[in-house]
Amino acid sequence: GSFKRDHLEIALESLNHALKLMDKEDLSSKAPNKLLYARLHYLIGGVLMKQGKFQEAIEPLQKSLSASLVFPSLHALLKKALIKCYKTATSDAQGTNTNDHLRKMMDSLLSLILDTQTNDILSKSTLKSLMNDIFTSYASNLSDQIVEWPFEPEEKQPIEFVLTFPNQSYAIEGDEVIALLQLHSNLKTPVHLSNILIEPNFDVIKIELQNGLNCVLKPNSSIQVSVKVLLPGDFSKNVDQKLVQIQTLKTEKPKMCGLTMIGGGVYSQKKKGMKKILRGGICVGCAAIQINLTLPNSNAPSVKIRIHSAHRGSIPPPPQNNQQAIKRSTLEDDNFIYSAWGRPSSFPMSSGPRCLRVVCAQPDLEIVDLTTSATKGKLMEGTVNRIMLKITAGPTEYCKNMMMSVLCSSSFEEESSKSKSLLDQEQQSNINPAEPSRIPQLVEYNDNKIHQNEKENFPSGWTVNIKNSGRGSRDDWKPVIDTLKGGSVTYASFDLFRPLSEYQEKEQRCITNFLVTIKYSQIRPNQCGSSKDGDVVVQEYRGSATWCSPINADVSFLPAMKKVLPSGNRHQSNSVSNTGSVNDDSAILSGGKALLRCTLAASDAINNLGVVLKNVAFETNGGEETKCNVELVPFGKGHSTQSNLLYSPESNAFCRNLNAGTKVNVAYAVRATVASDNVHPATEESIINARLGAVSVSWSPVPLQLPDPTYFIPKDEYGENYGPLRLQQVMPVKQRGPTCYIEVTPFEATFKTIPPMPKVGSPFEVRYEISNKTNLHQRLRVLMNDSDAIVSSNSMLVSGVINGEIVLGPLEKKILSYSLLVTKVGKITIPAFDVSSVRYNTWVIHHRSSMDKVFVSP
C-alpha cells in the first residue's frame, strides 16, 4: 500500500507503445487504421492535458487533427482541445512565443467556426462563445495579419463566392469591364462583412467595388455586388508568355466538343452588331478575396480572412497527390465549359461565366467590296476600274486617322487549274514581248494632267503607282478619313488598269488578287487609363477579280448573194472528186468580193459591265503584212467607203447600248486582190491564205454609281462612279477578219444569156466564155445534162448540145453555147452544164455553183 501507481503515466506509455507498433508495421496510412491512428494521438493529447502539460499536448493533437478530416465529430473535439492548449500555453509563454501561440489559437478558433463540417455539429451557444473569444479577446492583437482559408484542400468554404461577367465573355486590353461578385454564407451564425478586396489571377489587373460593401451576411443567404475590372492597355505584354501560349488555342478543334462557344473558351457567340467571332485570349478570373469579418452590431475589432477561389485551371491548384496529378487534363482547364461556367449551386448560371478572355485590341470594321459584288468578280480591260470599298465602323468603336494601303498581284489561269504568275511568265522565252505591258497595275489619277504616259495604250491623265512597279505596297499609306463614328459609313477606293490586247485573241484568263490593309486608331467607350487615346489596329481585306474584254467581236463569212463560176480554182471544195458542196465562202478568186458579218456583244453586261457602242470601222491590213490588197467595197444603197466607217449608231438608237442579251450585226463586203509581185510570172497563177482586214470598235464603258452617296467624298472628277470608269478616250477593241483562201485562177469563166431577159416562146442563147490565162495548153471536159426529166419539167426545147473534150491554147478564149426555147413564164432551171480541167482536176464551170436559173419574161 505504500507504493502508489501513476495511472496517467502508464496510459501514456501504453499509447506510445501502440503508436510505435503501428509505425513499425506501416499501418497508419491504411484507411481502416486512420481512425485508430487519430484516436491514439487524441488520447495521448488528453493524457498530457490531464497532467497539465498543455504545451506538449499540442503536437499529438495536431497529428490527430490532420488524420481526422473525414471524421467531423472527432475533428471538432480536437479543435476544442487545441484551443484550450493554446490558451494555457499563451498565458504561460513569454516574449515571441506569446504571439506564436496566439496566432495558432486564432487559427484553430477560426477553423472551428469557419469549417462548415464542425460548424454544423456545434451548438449555437458554443459558437457564440467561440466568436466572442475571437472578436473580443484576441482580434485586436492580430489586426495586421491575414488568415488564409482553406487550411486544408478538402475543407468547404464558409463563405462561398464567385466573380462572374454577366455582359460579355471577351474583353479588349485597356477596357473597363463590369463584373458581379456574389457571396453565400454556409455558417450557422450571421457575420458582418466589410472592406472586401478582390484578388485577380494577374497582379496587373485592378478590380474596384463600385459602391463598397458594409453589410451583415445571414446564415444560408446570398448577396451580390457590382465591381469594375480595369484591364491595362499593355496587359498581354506584362504576363507570362508561356501562360499565353497555353491558354490560346492556335487552331480550331471541332472534335473536342467540350470547348466552349459562349464564354471563357476558344470562341465567342456572335452578338448583335459583331462582324466576326473572336478566338483565343488570356483567361482572367478571381483568385481570392479578402474580407474583414466581425460580429454584427458590435464594436469589436474585425478579423481579416482570405478565401481562395475554387480551382478552375487559371490559378495554381491546391496540393494534390500523385494519383490526382495523373488524372488531370493536359489541356488548360478554362478551355472547357465546365470550368468556365462551373460554380456552387447557390449561384445562378444566368450571371455569366466565371472567367473573361482578354484579347488585344481588334478592329471591328465591316468592309464590303461594292465593285466585285456588283460585277460578280469581273473587271473590264481597256479602262480604269475603280474598286470601291464600303467601310462601316463597329457599333462600339470610334475611328480616327483611318489610312489604307493596297498590294496586288496577278496570275494567268492555266488549263491544269494552276495559276502562273505573270511576272514569272515574263522570264520565259516563249512569252510575247508585248505581254508585260498587259500586266494589271495600280494607277492613280493625275489632277494636273501634266503627266502623259509614254505608252500609247495607257489612258491620258493617269499614272502608274510608283510602288513596286504598279503592284502597290503595304507601307504606302493613303488617307481615308479623319474620324468615323460607331456605325457610320465611309468609302475608300483604289484603281486598277489592264490594257486591251492590240487584237482580240483567245488567251488565258488573267486574275488579279489584292490585299487591302486598313489602319486606324480605335477608341472604345469603355476604355480606361492610357488607352483612352485609342489603340492602333489593323484590318485586312482580301479580294480577287477576273479580267474580261469589254466587247466580244466575231467576224465570219456570209453566203455570197451572187454566185461566181469556180474558174478552175484549186481549193479542195472545187475538186472534181469532191462529192459534197462545192461552194465555200472562205475561198474566193483574186479580185472577187467576200461578204462578212461582224457580231458584237458584251457578254459580261449581265454582270453590270455594260458598254456604249460609238462606231465600227474597217482596217485594211489587220496589223499583219499580207500578200494581197484588201479594200472595202460598197454594200447596199447609200454606203460610202471613203472613211472605212461601217456603222455609227444614232444617239437615241436602241442598239447603241450593248446590254445583256443584245447583239449587233454589221455586214460589209471586201475585195481581196493578190499583189502582182506574188503572181507566178510563167503561169500567171498564185494561191495565198490571208486575213481579210480587221474591224475596229470604238466604245465607252457604263460606270456604276453609288446607291447612297451621303457619306461619299469625291476625290476626283469621276465623283460617285465606280467599276469601269468612263475615260475621255479608250483604246478601241480590234478583231481581225477571218482567214480566206485567195487564188489567181488558171481560167476565167463567164456566163450570160442573149438576150439578157429571155421571153417566153422566143429562142435565146445560153453562152459560157472560158479563157486560158496560162501559157500552157489546157484540156477541158464538157458535159451537159439534157435529160428528158429536166427538159419536160421546165417546158423547154434544147439545141446545140455539146459533150466531149476541148483544148485551149495559151491565153486562148472559147465560147460554149446552146439555144433554149421556153414555153412558160417565170424562174426556170436550165440544163446542168459542167466543164472540168484535166490538168488540175478542178471545175471550171459547175452546175452546183453556176447560174443554173434564169427568169423568163412574158
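Points worth noting:
- Per residue value of the accessible surface for region 735-846 (all protein chains in place, 1.4 Å probe), Å²: 45
- Note, ³J(HN,Hα) from phi for region 347-361, Karplus 6.51, -1.76, 1.60, rounded to Hz, x at Gly and Pro: 10, x, 6, 5, 7, x, x, 8, 10, 10, 8, 10, 10, 5, 4
- Under-5 Å amide H pairs with SER473, H placed in peptide plane, nonlocal only: VAL406
- Debye-sum result for region 508-547 in log10 I(q)/I(0), which assumes one identical scatterer on each alpha carbon, at q = 0.16, 0.20, 0.21 Å⁻¹: -0.56, -0.67, -0.70
- Per residue, the Cα convex hull of region 44-83 amounts to 53 Å³.
- Accessible-area ranking of TYR722, TYR398, largest first, probe 1.4 Å: TYR398, TYR722
- Amide hydrogen proximity for LEU500: with H placed 1.01 Å from N in the peptide plane, the residues at 5 or more positions away or on another chain lying under 5 Å are GLY382.
- Spatial separation of Cα centroids for region 458-500 and region 692-758, in angstrom: 31
The values are calculated or read from the model by the stated rules, or taken from the named source; none is laboratory data. This structure is a prediction, so every number in the text was calculated from the model and none was measured. Surface accessibility is based on the protein's heavy atoms, side chains included, excluding ligands, DNA and RNA. Shrake-Rupley method; radii C 1.70, N 1.55, O 1.52, S 1.80 Å.
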